[in-house]
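Everything on this sheet refers to the single structure shown next.
The numbers here are math on the coordinates, done by the rules we state, and not lab data. Just so it is clear, the structure is predicted and the values come from calculations on it, not from any experiment. Using ideal geometry, Cβ is built from the backbone for each residue, glycine included, and neighbour counts are taken over all protein chains shown.
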Amino acid sequence: MKKTSLLQEEKRSTILFLWLFYVVFFVYEIFYNNLFPAYPWSDVSTKSSAWYDFMFIKFSVMIILILLSIYLIKKRKTEVVKYILFIGYFLTNVISDILYYKDSSLTYTSGNMVELVIILFSPIFVNRKFTYFITIGLLLKYIVVGIFIQDPLIIFPISIMIVLSIISFILLHRFLNYIKALKYSYDEQLEGIVKGVIAILELKDPYTRGHSERVAAYAMNMAEATGKFKASELNSFYYACLLHDIGKVNIPDSILTKSGMLTDEEFDIIKTHPVVGAEAIRDVDGVADNIDVIYHHHERWDGKGYPDRLSGKDIPFSARITAVADAFDAMTSSRSYRPALPFEVAYERIVEGQGTQFDPQLTELFKQIYPEWVQISKNYRKGMDMRGGDKHENSQTK
């Protein structure tokens, strides 16, 4: 849903940009080159037959680019349209300027309205890369033309382009700041809602108090250590880790808090919680991108896990990380059926599960970051103690 929404906004911005570009392009070209040929900036006598031939090619290229843009938009490749359009315009305009001014006695004047549209409306894409692209491209155009026509007045349009580019970057910066502020506000609200849901789950099973937050902290630490996650992906991963056990709200308290061994039937009910949890967050924007964390965090490397008995690299990478974090915290936390295990014992059991329960490479990484996990746990439990946390939550750190 999030991806679709972004694609729709990109599509709307691109269509608006196309309309502005082509209306100004055709009106400007007709007005500038044909309706007012006697004005001081134009000299018909300097227009060679090669220039007229190229102008025909230029218009043909720009019309072909309209058709190509429509095709790419229909194929959901909207993000490349603006780059192709600019490159086509850049190449044809450089050549036409050189053909017109190279052997002309006129001084160089540009006054190109199309370039004003390109620069001033580029911030609608809220894309730094594109704004840099067109700024450098237009400056390069004037430098190339200046080299060929050897006219010092080329400095004037270059100065104008620099001023307009600064204005464009100011607008873009404001847009990005507004988006950042909205995203921060949204993230805060989403985190509050997620933690509220977790609090409800922990009311059902007080022995798991803090489990979700610690698992999320361990998993985030490992995810960052892998170097395979973009910063923009980590927020969604974090929220999914917080909600990895959300499906347990559907499990009867008599099973969830049972102090003895579970029967096969009771364990089958426990094994439904990943599926139930995944269904619960399937349409939640900001979490659904990492639904695999919730659905597959109980899969095993050897294929003996649940719910789909996936094995090896068929298990989503994010779920493999969460599996290690979940197991470590489960062992180092008190449960209704046993006290917490010492960190050293939990460490050994994770290592023993290398290649059977856990991803071998992630297990090697766990060995390296294990001291950080111990510190994460102690810091969290220390915070709980300062807030008046349960005594049994702190016993394992002694």
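Miscellaneous remarks
- Shape class of the stretch 134-238 from the alpha-carbon gyration tensor: prolate, with a/c at 1.5 or above and a/b greater than b/c.
- Among the listed pairs LYS129/LYS180; LYS82/LYS102; LYS82/LYS230, those beyond 27 Å (Cα-Cα): LYS82/LYS102
- Cα-based reach from LYS248 at 13 Å (exclusive), listing aspartates and glutamates while leaving out same-chain residues under 8 positions away: GLU202, ASP205, GLU266, ASP268, GLU279
- The stretch 205-397: relative contact order as a whole-number percent, Cα under 8 Å and 6+ apart: 22
- Cβ-Cβ FRET estimate between LEU91 and LEU365, R0 fixed at 45 Å, reported to 0.05: 0.40
- Three-way shape call for the stretch 205-397 based on the alpha-carbon gyration tensor, with the a/c threshold at 1.5: rounded
- Once the Cβ-Cβ distance of LEU182 and TYR71 is raised to the sixth power relative to R0 = 30 Å, the FRET efficiency obtained is 0.35.
- Estimated FRET transfer efficiency when R0 is 51 angstrom, pair ASP268-LEU153 (beta carbons, to 0.05): 0.05
- Length added when fully stretched, ASN221-LEU20, from 0.36 nm per residue minus Cα-Cα: 67.7 nm
- Excluding same-chain neighbours fewer than eight residues apart, the aspartates and glutamates reachable from LYS313 by a Cα-Cα span under 18 Å are ASP292, GLU299, ASP302, ASP359, GLU364.
- Between the C-alpha center of the stretch 255-279 and that of the stretch 107-179 there is a gap of 62 Å.
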